[in-house]
Amino acid sequence: MRKNIVAGNWKMNKNLQEGIELAKELQAALNGKTVKCDVVICTPFIHLASVNAVIDGKTVRLGAENCADKVSGAYTGEVSAAMLASTGAQYVILGHSERRAYYGETNAILKEKVKLALENNLIPIFCIGEVLEEREAGKQNEVVKTQIEESLFDLSTEDFGKIVLAYEPVWAIGTGKTATPAQAQEIHAYIRSILAAKYGQAVANDTSILYGGSANAGNAKELFSNPDVDGGLIGGAALKVETFLPIVEAF
Ligand code: PGA
């Protein structure tokens with residue numbers, strides 16, 4: 001069944017103590033509340049185990065922001081999917097545009113990461129999206145199609161059914177420039193049509209497709225009211241409970 005999800009992406013923000021504090025505050029704010037979406041916080045690696053200890057894993061779920069493309073061994077500085085799972089993490093963001101742009105993550109590398117995440121029972125939040133020049137050239141559909149095909153389309157139907165997608169136009173990330181609800185709906189519907197062509201309409205209907213890029217309390221309701229927008233991946237606004245909670249409550 002398709003789920004509504006609001007996931008925070010803390011990126012490289014908050015020291016350990018600040019991260020634990022934010023997670024505690026969010027858990028406290030959601031205790032006893034009924035919300036209409038799953039709430040996930042994706043934190044830096046070093047926060048994971050400590051944050052897991054202060055959330056209940058149901059009202060607030062835990063995710064990582066990346067994982068290695070190798071199983072284990074001599075890969076200094078890397079963190080494997082199995083290690084992430086051992087902290088209590090349930091999700092992992094993969095293919096974020098910042099990883100693609102600054103750390104050379106290709107569709108082929110991401111394909112390996114997705115496989116390893118799934119083998120370790122982590123739910124990938126797989127990010128796709130075009131840069132400004134591609135949008136201006138009208139190539140956004142082509143770009144997201146290639147990203148999806150090259151990283152995800154060798155998955156079995158069963159495995160694909162575990163994936164969450166996040167459409168994040170790169171020009172909207174951290175810029176304060178959000179895609180309009182109409183732009184989001186148009187490309188989300190297109191993405192769902194590609195999934196339907198490959199895996200069938202039922203799988204496509206069951207896939208959660210989140211929007212990311214300057215989503216905030218002011219625009220979340222309108223974005224989420226679109227039939228093909230199933231939630232958000234939230235950067236800047238996820239760093240404070242007072243800016244994150246209204247997004248969660250936008251459903
Ligand atoms: P933003 O980031 O909400 O700060 O634009 C979103 C993201 O990069 O996931």
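When only the Cβ of Lys, Arg, Asp and Glu is charged (+1, +1, -1, -1), the dipole of segment 5-237 relative to its Cα centre reaches about 420 debye. Counting protein heavy atoms only, segment 82-126 has 52 percent of its accessible area on carbon and sulfur, 1.4 angstrom probe. Ordering of 103-111, 1-9, 166-174 by packing is 166-174, 1-9, 103-111, highest average first (other Cβ atoms within 10 Å, averaged per residue). Relative to a virtual label point 7 Å from the Cα of PHE153 in the Cα→beta-carbon direction, which members of segment 200-244 show backbone nitrogen distances below 16 Å? Inside the label zone: 200-201, 204.
Here LYS36 is the anchor, and the aspartates and glutamates within straight C-alpha reach of less than 20 Å, apart from those fewer than 8 places off in the same chain, are GLU25, ASP56, ASP206, GLU222, ASP228, ASP230, GLU242, GLU249. Computed over protein heavy atoms with a 1.4 Å probe, the accessible surface of the chain works out to 43 Å² per residue. Per atom type, segment 127-225 shows carbon and sulfur on 49% of its accessible surface, probed at 1.4 Å. Residue ranges 208-221, 36-49 sort as 208-221, 36-49 when ordered by packing (mean number of other C-beta atoms within 10 Å per residue, highest first). Kirkwood radius, the chain, all distinct C-alpha pairs, inverse of mean reciprocal distance: 17.9 Å. If the cut-off is a Cα-Cα distance under 29 Å, which lysines reach LYS145, setting aside same-chain residues fewer than 8 apart in sequence? Once the sequence-local lysines are set aside, what remains near LYS145 is LYS3, LYS11, LYS70, LYS111, LYS113, LYS115, LYS162, LYS177, LYS198, LYS221. To the nearest 10 square angstrom, how much accessible area does SER86 have with a 1.4 angstrom probe? My reading of the accessible area for SER86 is about 100 Å². The GNM of the chain, with springs linking C-alpha atoms under 10 angstrom apart, assigns the highest mean-square fluctuation among VAL203, VAL35, VAL54 to VAL35. For segment 61-69, putting each phi into the Karplus relation 6.51 cos²θ - 1.76 cosθ + 1.60 with θ = phi - 60° gives couplings of 10, 10, x, 9, 9, 5, 8, 6, 9 Hz, in residue order, rounded to whole numbers and with x for Gly and Pro.
The values are calculated or read from the model by the stated rules, or taken from the named source; none is laboratory data. Just so it is clear, the structure is predicted and the values come from calculations on it, not from any experiment. Glycine gets a Cβ as well: all are built from the backbone with ideal geometry, and neighbour counts include every protein chain shown. We work out accessible area using only protein heavy atoms, side chains counted, and drop any ligands, DNA or RNA first. Shrake-Rupley method; radii C 1.70, N 1.55, O 1.52, S 1.80 Å.
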